[in-house]
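Visitor: The following block contains the structure, expressed as C-alpha cells.
The values are calculated or read from the model by the stated rules, or taken from the named source; none is laboratory data. Keep in mind it's a predicted model, so treat the numbers as computed, not measured. In this analysis, Cβ positions are derived from the backbone assuming ideal geometry, glycine residues included, and neighbour counts consider all displayed protein chains.
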Amino acid sequence: MESPELVRRGGDTQAEVMAELFAITQDLVSTHDEDFLLDEILTKARRFLRAEAGSIYQVKDKRLHFTYMQNDKLFEGSADLRLDYTLRPMPIDHSSLAGFVASTGQVLSIPDAYQIPPEAPYGFNKSYDRKSGYRTRSILMVPLMVRRQRVIGVLQIINALDECGAVVPFSPMDEMLGGFFANAAAIALERASMTREIILRTMRMAQLRDPRETAAHVNRVGGYSADIYAAWARSQGLRLEEAAKTRDLIRLAAMLHDVGKVAISDAILKKPGRLDQEEFQAMKQHTVVGARLFKESTSEMDQMAQEIALNHHEHWDGSGYPGHLADIYAEVADPGPGKQGQEIPISARITGLADVYDALMSRRVYKDPWPEDRVLDLIRRERGQHFDPLVVDAFFSTYETIRHTRLRFSEED
Ligand SMILES: [Fe+2]
Ligand SMILES: [Fe+2]
C-alpha cells in the first residue's frame, strides 16, 4: 500500500522523489545569477512540494528582506513582475514567522495559518492576505542555512495541494524534503551573490577610471540585456531551457561590457569635450582590451563576457567598431570595417542596445538625461541601422519589464 504522502506526489516512488531532488540540486547550483536563481528556487520548490505559492526572505544588514514571491492563484503568467519591493524589512526575532525561523534555525510546518494556538511563540501576519484577497492555509518554512549555522534567508512555501487541488497540510516527509531542498538552495544562493559581488567589485575598479560606469549603470545594462534576451528568445521560439540558461549568463556577462576601460588613459576617459580622431581611436581599444581579459577562460560566462566586451560597439549596418580582428592580441591600429548583421553575436547586439538606452536615459557629466520619448524615437529610427531590427522589436515588446528594471536599479541605490 502506498503512503498518502507518495499518493499526493502523483504516486511517485521514493526513488523517483530522490531522483527529482537530485536533478533540482544540479540545476540550482549551475545557475549563476541571483535574481534568476530566486525565481528558480521558488518555481522548483513549489513544483517539488506540490504547493500553490511561496516566497523568499533574505538576510541583509541583519534584517529579513522579503525579496521574492510567487503565487499561481494571484499572478498567473506575470512571471517577470513578481518582485515586491514595497514591504519593509523585518527584524530577526519572534515577531514574525520568518523571523522566528531565521532566529532559531528551525523548520516550521503550520497546518492552518489562521489556527495557530495563542501560546505559540510566533504569530501569522494576515495583512498580506487582507490586501490581496488570498487565503493562506498550510505553511512550510525552512531556514536557508550555509555552513551549518549561518542563516542567509528563509524559504516559505504556502498551501500544499493534494492530487485533486485541495489545500492540505504539509507532511513530515515534505518537511524533510524541504530541508534537503533548502540546503541546496542556500549554497546556490550564496554562490550567486558572491558571483555578482565579484563582478560589481571588478566594475568598481573600472569605475575608478571611468566614473560613468557606476554600479547602477552596469546593473541596469545587465538587467535590460536579460529582459531583451528573454523577449527575443520567445520571439524566436527557442527551447525554454536553452533560453533560460543563456538569459542567466547574459545577465552577468553584460555587466562587464566596458571592463576594458581600465586600460584607457585618464586624459581620454575624463576629457570633458569631444574626443579628437586619435583619442577616439585609442578609446575604441577598450573593446579589444576587455576581450583579452577573458582569453584563458573556458567558462561559458567568461566566453560570453568576452563576446560582449569585444562586440558591444558593433552596429547592425557595419558602421561600428572594432571590426574583424584575426587576433585580439595583435597590435592593430585600425582594424577596418565593422562587423555586420548576424556576424555580431546576439549577446553583443542586445547589450549594445541596452547600453545606449541606459546612457541616453542617464545624466552624464556632459549631458542631461534625454526625455524618454526622444530616446525611444532614436531607437526606433536606428532599427536596421545601429540596431538589429528583431532586437529592437524584442526591446519594445518587453518595455514594461525594462522600466521595472530601471526603477529597481536607480542611481540613488
Ligand atoms: Fe563600451
Ligand atoms: Fe556602459
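Visitor: Could you say whether any residue in the range 300-307 is more than 16 Å from ligand 2 (Cβ to nearest atom), at pLDDT below 90 and under 27 Å from Gly223 (Cβ atoms)?
Guide: no
Visitor: Yes or no: Asp210 acidic (Asp, Glu) and free of Cβ contacts under 8 Å to residues at least 24 places away in the same chain?
Guide: Working: acidic (Asp, Glu): yes; free of Cβ contacts under 8 Å to residues at least 24 places away in the same chain: no.
So Asp210 fails the test.
Visitor: Moving on to the next point. Could you please find all residues in the range 219-260 being within 13 Å of ligand 1 (Cβ to nearest atom) and surrounded by fewer than 24 Cβ atoms within 10 Å (Cβ to Cβ)?
Guide: Hit for the range 219-260 is Gly260, nothing else.
Visitor: List the pairs whose first member sits in the range 344-367 and is touching a residue at least 40 places away in the same chain (Cβ under 8 Å) and small (Gly, Ala, Ser), whose second member is outside any helix (DSSP H, G or I) and within 11 Å of ligand 1 (Cβ to nearest atom), and whose Cβ atoms are under 6 Å apart, counting only residues at least 6 apart or on separate chains?
Guide: So the pair list comes out as Ala348/His312; Gly352/His312.
Visitor: Condition first: within 23 Å of Lys271 (Cβ to Cβ), part of a helix (DSSP H, G or I) and either within 16 Å of the chain's Cα centre (by Cα) or within 16 Å of ligand 1 (Cβ to nearest atom) (or both). Now tell me which residues in the range 179-214 satisfy that.
Guide: Once the filter is applied, which keeps residues that are within 23 Å of Lys271 (Cβ to Cβ), part of a helix (DSSP H, G or I) and either within 16 Å of the chain's Cα centre (by Cα) or within 16 Å of ligand 1 (Cβ to nearest atom) (or both), the range 179-214 yields Met203, Met205, Ala206, Gln207, Arg209.
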